[in-house]
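Here's the structure, in structure tokens; my notes come after.
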Amino acid sequence: MPTTGNSSSAGDEWTGSHFDFLGIGAVTVFMLVIYTKIDAPGEDFIAAEREKGNRVLHIPALTYAPTGNPLNFLDCDSAFVGSPRAAAIAKEALKNFAGPIFTAGPQTARFLLQQGISVAAAGTEKGARDSFPRFLEIRKVQNVAWISALETAADLKQIAAENQVRIRHFPVYKTQAAKVDEQKMQSLEHPLSWRFYSGKALKAMSRFIQEGDLVNLHGASAEKAFALAQPCR
């Protein structure tokens, strides 16, 4: 089985494997880090991995396309933004939105703040269901504009029922598995250190994960997908 890890930041987890080599003692075998987000990793992420002796290879697990759906929030008294990508697509509509805006995490909040858009609160990697009761402690709302991908890891009906709110879903983009070079993937030397940020990304790449790989799961949907799929078992 691959080894799993969870982290809320890029450089928190250890990515080496230790072996006793010819009786010399513990030797760290550094890894190739497979970064699976659609967008390339930032320089800070690459530098942090380089300091550990690791190399980073960007292989997007997914591609995306905007849906082009109209964003009319007139009937909503609040908004939840599910990702930086959703924020980037909806930013113009959100600039004119008067209600409180909640986000799935700090990255989405930072993006909106950089656009001059106020954020009432940001969630955590535990997921929207865990964060939503805290949002309501900050601002009591009733009608939530849920701005995210077409497929959302959160159960919106469940969140609405548990928190006694109405949720209207505004899917602003959709994702699908990216085409990858199968020959290149099979040629990579294992063990690898994988970075997954969604369940859909993990499902798209799970066939390449081998025993001994380190699988870093960021977010509730990635954790759930790994638990259900158990790749390489």
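The values are calculated or read from the model by the stated rules, or taken from the named source; none is laboratory data. Quick caveat, the model's predicted, so the values are computed rather than measured. Methodologically, a virtual Cβ is constructed for each residue, glycine included, from the backbone with ideal geometry; neighbour enumeration extends over all protein chains shown. The area values use the complete protein model at the heavy-atom level, side chains included, leaving out ligands, DNA and RNA. Shrake-Rupley method; radii C 1.70, N 1.55, O 1.52, S 1.80 Å.
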Checklist entry - Okay, helix-only estimate at 222 nm for the chain: each DSSP H run of n ≥ 4 adds -39500 (n - 2.57), divide by all residues, round to 500 deg cm²/dmol; what do you get? => result -8500 deg cm²/dmol
Checklist entry - What nm distance separates the two modelled labels at Asn96 and Asn69, each placed 7 Å from Cα along Cα→Cβ? => result 1.9 nm
Item to check | Dipole magnitude of the chain about its Cα centre (Cβ charges: Lys, Arg +1; Asp, Glu -1), debye to nearest 20 | outcome: 720 debye
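So, by mean Cβ neighbours within 10 angstrom, what's the order for 83-95, 57-69 with the highest one leading?
Ranking, from highest mean packing down: 83-95, 57-69.
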Item to check | Crossing angle, helix 220-229 versus the chain [Cα axis fit, 0-90 degrees, rounded to tens] | outcome: 50 degrees
Item to check | Note, ³J(HN,Hα) from phi for the stretch 147-157, Karplus 6.51, -1.76, 1.60, rounded to Hz, x at Gly and Pro | outcome: 9, 7, 6, 4, 9, 10, 5, 6, 8, 5, 5
Item to check | Of all accessible heavy-atom area on the chain, the percent that carbon and sulfur account for (1.4 Å) | outcome: 50 percent
Next on the checklist: Here is the link list: Lys179/Lys200; Lys157/Lys224; Lys184/Lys224; Lys126/Lys184; Lys95/Lys140; Lys91/Lys179. Which ones come out longer than 25 Å on Cα distance?
Outcome noted: Lys184/Lys224; Lys126/Lys184; Lys91/Lys179
Checklist outcome for this item: Sorted by chain and then number, the residues having a modelled amide H within less than 5 Å of the amide H of Trp146, at least 5 places away or on another chain, are Phe80, Arg168, His169, Phe170
